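S.K.: Below you'll find the structure I mean.
What follows draws every value from the coordinates through simple rules; no lab data is involved. Computed from a predicted model, the values in this text were never measured in an experiment. Please note: Cβ atoms are built from the backbone with ideal geometry, for glycine as well, and neighbour counts cover all protein chains shown.
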Amino acid sequence: MTPRPPSSPPSCTTPSRPSPMASPQASATPPRWRRDKGVGSEDGPMSNQYYAFIGTYTTGASEGIYTYRFDAATGELERLSVIGGISNPSWVEVSPSGRNLYAVGEESHGVIKAYAIDSDTGALTYLNEQLTGGEVPCHISVDATETYVLLANYGSGSVAMLPIEADGSLAPLTGFVQHEGTSIHPVRQLGPHAHSIILDATNSLAFSPDLGIDKLLVYDLDLESGTLAPHHVPWVRTPAGAGPRHFDFQPNGQFAYLINELASSITVLRYFAEQGAFGEVETVSTLPDDFDGESTCADIHVTPSGKFVYGSNRGHDSIAMFAIDEATGRLTSLGNESTQGRTPRNFAIDPSGTWLLAANQDTSTIVTFRINQQTGHLHPTGHITQIPNPVCIKLLPIQS
């Protein structure tokens, strides 16, 4: 049975068009943006060894969630273990402390599972699971205090919060918001499809791109009650038919980069931290001008240096590379690099900004690239790791 959401969840369909485009004055010293480029990477010296947790689709040969060792000196992956008992763990998320991992079960009866991480081996131990309050969950974030997990239900177009117990296990959901609306795509936008949810640097706001309604929704996060409520600037509309999916911030928190699945584009947003509002700067294509085939975008990440941003193209099967203008946030295309496989649904950048690991869903490979930290170009290393249907990569430094 699907858990009953809290009564009368807030709706996001009534506010008038927000006006962050009027460019309110940004904070002179915006808070440092919360980043998840390898949990724990800023708590001590940079590690050369990481656990790489790989989420997969289990409709084929995959057994579940895989643990690998990633060597940041060479760019190589070494298999350590796998845990089963979960269907389609298409998104995995490591807690800020590195003690726990949470994984969605991307099914019509959405579930989220909690695991303990063995710091000595990277092995996962199942703790418990809860229903997500919706269908086809696809994304997870953990708040900075490790008090709540937040998630997005793609199929039913909702977001939810679940409390984290002392041992890292999950309690039933306490917060729930059902998105509403449609947009112009005749198939993909007949209703809401929340595709991700991330938190701000102050741990007080949550942002959820919704592919089905062409909006980036903004929520006030209440850690006392475990609830979400629309922010006073409750959403930003993206270009019609764009299909916003994932987004990431520049490390200084002044600009955000929203990747649009349906339009194969990236929308650059200026972030006004004091208002929790956004203003659109520009939207650029992730595809070469001479490409006319079918393609959709998937993932996006800014490098730790804040100098470059990358987005994945499924169909063109490439990583689009861009240089970031530090003053304006605008993008300059650096071209596209083939992922040497099909359907790069997800990728990860290590905390040093040296390596990019691309997960090719339909060729069952993870391909390692070295990032030129001066030019931003990607260079294949020859390291290609066979993993069945990989669709999510998360790195955790191994503490020596």
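S.K.: Assuming R0 = 25 Å, can you tell me the calculated FRET efficiency for the pair Thr121 and His377, based on Cβ-Cβ distance, to the nearest 0.05?
M.R.: Once the sixth-power term is evaluated, E becomes 0.10.
S.K.: If you don't mind, another one. On a straight-distance basis, which aspartates and glutamates could pair with Lys215 in a cross-link, Cα separation under 18 angstrom, same-chain partners fewer than 8 positions away excluded?
M.R.: Within the straight-line cut-off, Lys215 pairs with Glu180, Asp200, Asp248, Glu261, Glu280, Glu282, Asp299.
S.K.: Okay, next question. Excluding same-chain residues fewer than 8 positions from Lys394, which aspartates and glutamates have a Cα within less than 12 Å of its Cα?
M.R.: Partners within reach: Asp36, Glu93, Asp350.
S.K.: Another question about this same structure. Between the stretch 56-127 and the stretch 187-243, what is the separation of their alpha carbon centroids in Å?
M.R.: 26
S.K.: What order, most packed first, do the peptides 145-151, 197-203 have when packing is the mean number of other Cβ atoms within 10 Å of each residue?
M.R.: Going from most to least packed, we get 145-151, 197-203.
S.K.: What number, in percent, do you get for the relative contact order of the chain if the mean sequence gap of Cα pairs under 8 Å and at least 6 apart is divided by its residue count?
M.R.: Computed over the chain, the figure is 15 percent.
S.K.: Based solely on C-alpha atoms, express the radius of gyration and the Dmax of the chain in angstrom.
M.R.: When restricted to Cα atoms, the chain yields Rg and Dmax of 19.3, 54 Å.
S.K.: Also, quick follow-up: Taking the Cα centre of the stretch 277-338 as origin, sum charge times position over the Cβ atoms of Lys and Arg (+1) and Asp and Glu (-1), and report the length of that vector in debye to the nearest 20.
M.R.: 260
S.K.: Run the quick spin-label model on Met46 and Gln386: label points 7 Å from Cα toward the beta carbon, then report their separation in nm to one decimal.
M.R.: Between Met46 and Gln386, the label points sit 3.3 nm apart.
S.K.: Run the dipole for the chain about the Cα centre, Lys and Arg Cβ at +1, Asp and Glu Cβ at -1, nothing else charged, and hand back the magnitude in debye, nearest 20.
M.R.: Value, rounded to 20: 280 debye.
S.K.: A further question follows. What ranking do 97-106, 337-346, 54-63 get when scored by the average of other Cβ atoms within 10 Å per residue, highest first?
M.R.: 97-106, 337-346, 54-63
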